[in-house]
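Heads up, the thing below is written out as structure tokens.
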Amino acid sequence: MQTLTIDDILVRGKKVLVRVDFNVPMTPDLKISDDKRMVEALPTIKKIIKDGGSVILMSHLGRPKGKPVTEFSLKPVADHLSKLLNQPVKFAADCIGKPAQEAVAGLKPGECLLLENLRFHAEEEKNDEKFARELASLGDVYVNDAFGSAHRAHASTEGVTRFLKPSVAGYLMKKEIEYLSKAVSNPQRPYVAILGGAKISGKIDVIQNLLPKIDVLVIGGGMAFTFFQAQGLEIGDSLVEQEKLGLAKQILDEVNVKHMRLILPVDCVIADRLDNEAQRKVVPSNKIPSGWRGLDIGPETVKIINMEVRRAKTIVWNGPMGVFEMPNFANGTLEVARLLAEATRNGATTIVGGGDSAAAVAQAGFEESISHVSTGGGASLEFLEGKTLPGLGALDTR
Ligand code: AMP
């Protein structure tokens with residue numbers, strides 16, 4: 001990676017300003033229900049502590065819309081972090097101004113401080129220059145370890161780098177970029193991409209960026225039906241994007257010319273309404289009656305995906321195969337999670353691109369069995385689209 005990382009700088013005696021993504025899910029009584037993003041940031045924090053720097057952490061949490069909101073305070077996150085680190089974590093009641101400056105002034109080498117939610121100030125998301133300057137004034141060097149926020153040009157991810165040098169990547173950022181880069185350049189072949197989710201419009205840039213690079217494209221989820229309609233098949237009441245039919249046809253043509261393979265579901269689980277308790281049955285994809293809609297891929301399709309995945313050396317997956325939030329339509333998505341775990345055990349590199357697919361992998365209990373489950377939904381998608389992430393692009397390079 002050309003970007004400088006935390007291994008390229010000396011932090012002894014320095015105040016290290018670290019942007020982390022501690023935007024963790026919380027229960028109504030403000031307990032952290034999934035601390036994956038915190039755990040993933042520990043290597044960077046521990047490295048700074050071990051090397052005698054002091055750690056100033058900043059993050060956002062939820063959508064407080066530019067003003068302090070108690071339920072979005074990072075205080076419970078500071079308490080949880082102190083348990084994970086097995087040392088006290090100080091907390092500043094604001095991320096700028098006196099509370100932050102005083103807390104930073106009292107910080108000794110090896111100590112750790114978490115600043116209050118950046119998004120309590122509207123200036124954060126506006127990438128306000130004065131606000132970015134104030135944040136930058138708290139540290140001697142800047143580390144960005146917030147991959148999940150790297151696709152946003154905010155004051156704490158982009159603005160701050162204009163006023164604080166060096167600006168480098170943390171270990172989580174480095175790991176994310178290294179894995180996702182394998183999917184975008186120089187993948188081991190055969191290379192299979194599995195894309196799902198509601199709509200083509202949400203994934204079209206990923207499809208177009210990956211098409212020239214992959215050997216097999218598997219399409220599941222709601223977006224498969226726009227392809228079926230483009231082929232003239234009856235799709236009943238399934239989800240369809242009428243205005244994307246032309247685009248679907250164009251992709252079908254492109255695939256033919258490129259001699260790569262496009263795999264669409266051969267069978268579907270259909271239902272008479274969008275409800276977990278709806279009547280349901282499995283039918284071939286070209287036999288969806290009117291009044292019914294496809295809500296999951298069927299067992300024959302899972303078998304075909306299995307064959308492709310077994311042969312593959314690199315597999316990227318983004319987007320569920322069906323309405324996986326409803327248990328009766330989650331099977332296809334959970335099966336893909338299982339197949340990827342199996343492929344990983346057999347030596348393939350497997351990359352799951354955040355968001356719903358990451359949730360499905362966790363739900364199926366395979367988080368540890370996948371080569372890399374991204375901590376960033378939107379960020380991983382934009383990376384796979386071939387875009388430069390502003391938070392990454394702003395860091396110093398070799
Ligand atoms: P996306 O954000 O585009 O990745 O879409 C994720 C959403 O797609 C999930 O909430 C799924 O419930 C939904 N989805 C997946 N398959 C279908 C389908 N066959 N019909 C309707 N929605 C679907």
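The values are calculated or read from the model by the stated rules, or taken from the named source; none is laboratory data. Everything quoted here is computed from the prediction, not taken from an experiment. Cβ placement follows ideal geometry from the backbone for every residue including glycine, while neighbour counts extend to all protein chains displayed. Surface accessibility is based on the protein's heavy atoms, side chains included, excluding ligands, DNA and RNA. Shrake-Rupley method; radii C 1.70, N 1.55, O 1.52, S 1.80 Å.
Within the stretch 193-202, the presence of a residue that is within 18 Å of ALA358 (Cβ to Cβ), at pLDDT 90 or above and either touching a Ser or Thr at 6+ places or on another chain (Cβ under 7 Å) or basic (Lys, Arg) (or both) is excluded. Within the stretch 211-221, restricting attention to residues that are surrounded by fewer than 23 Cβ atoms within 10 Å (Cβ to Cβ) and not β-branched (Val, Ile, Thr), the residue that is nearest to the ligand (Cβ to nearest atom) is LEU217. Restricting ILE56, ILE32 to residues that are assigned by TED's automatic domain parsing to the domain that holds ASP145, within 28 Å of LEU395 (Cα to Cα) and among the aliphatic types (A, V, I, L, M) narrows the list to ILE56. VAL184 meets the conditions (1) touching an Asp or Glu at 6+ places or on another chain (Cβ under 6 Å); (2) in contact (Cβ under 8 Å) with a residue 60 or more places away in the chain in every case but one. The failed one is (1).
Scan the stretch 111-118 and give yes if some residue there is under 22 Å from the mean Cα position of the chain (by Cα) and either among the hydrophobic types (A, V, I, L, M, F, W, C) or part of a loop (DSSP other than H, G, I, E, B) (or both), otherwise no. Yes, the conditions are met somewhere in the stretch 111-118. When you look at THR349, is it buried (at least 21 other Cβ atoms within 10 Å of the Cβ), polar (S, T, N, Q) and assigned by TED's automatic domain parsing to the domain that holds LEU195, yes or no? So THR349 does not fit the description; no. Would you pick out the residues in the stretch 86-95 that are open to solvent by less than 20 Å² (accessible area, probe 1.4 Å) and out of contact with any strand residue (DSSP E or B) (no Cβ under 6 Å at 6 or more places or on another chain)? Across the stretch 86-95, there are no qualifying residues. The strands (runs of 3 or more DSSP E) found wholly in the stretch 138-200 include none carrying at least 3 residues that are surrounded by fewer than 24 Cβ atoms within 10 Å (Cβ to Cβ) and not assigned by TED's automatic domain parsing to the domain that holds VAL18. When the stretch 71-85 is filtered for residues that are crowded, with 18+ Cβ neighbours inside 10 Å and polar (S, T, N, Q), only SER73 remains. Restricting attention to the stretch 222-234 and to residues that are within 12 Å of the ligand (Cβ to nearest atom) and either in contact with a Lys or Arg (Cβ under 8 Å, 6 or more places away or on another chain) or open to solvent by 20 Å² or more (accessible area, probe 1.4 Å) (or both), the residue that is farthest from GLN250 (Cα to Cα) turns out to be GLY222.
Taken together, the residues in the stretch 47-58 that are out of contact with any Lys or Arg (no Cβ under 7 Å at 6 or more places or on another chain) and either of a type in the set (D, E, K, R) or surrounded by 24 or more Cβ atoms within 10 Å (Cβ to Cβ) (or both) amount to 5.
Scanning the stretch 119-137 for residues that are open to solvent by 10 Å² or more (accessible area, probe 1.4 Å) and of a type outside the set (S, T, N, Q) returns ARG119, PHE120, HIS121, ALA122, GLU123, GLU125, LYS126, ASP128, GLU129, LYS130, ARG133, GLU134. Mind checking whether some residue in the stretch 263-271 is open to solvent by 30 Å² or more (accessible area, probe 1.4 Å) and among the charged types (D, E, K, R)? Taking every residue of the stretch 263-271 in turn, none turns out to be open to solvent by 30 Å² or more (accessible area, probe 1.4 Å) and among the charged types (D, E, K, R). Taken over the stretch 237-250, the criterion of being surrounded by fewer than 20 Cβ atoms within 10 Å (Cβ to Cβ) and in contact (Cβ under 8 Å) with a residue 24 or more places away in the chain is satisfied by ASP237, LEU239, GLU241, LEU247.
When PRO68, PRO99 are checked against the criterion of being in contact with a strand residue (DSSP E or B) (Cβ under 8 Å, 6 or more places away or on another chain), in the same structural domain as SER137 (by TED's automatic domain parsing) and open to solvent by 20 Å² or more (accessible area, probe 1.4 Å), PRO99 stands alone in meeting it. Annotation: SER59 fulfils all but one of (1) touching a His at 6+ places or on another chain (Cβ under 8 Å); (2) on the phi < 0 side of the Ramachandran plot; the unmet one is (1).
Mind checking which residues of the stretch 336-391 are over 14 Å from VAL184 (Cα atoms) and of a type in the set (Val, Ile, Thr)? Result: VAL336, THR344, VAL361, ILE370, VAL373, THR375.
Of all residues in the stretch 272-294, those being open to solvent by less than 30 Å² (accessible area, probe 1.4 Å) and touching a Phe, Trp or Tyr at 6+ places or on another chain (Cβ under 7 Å) number 2. Inclusion of ALA248 among residues that are within 11 Å of the ligand (Cβ to nearest atom) and of a type in the set (A, V, I, L, M, F, W, C) is not warranted.
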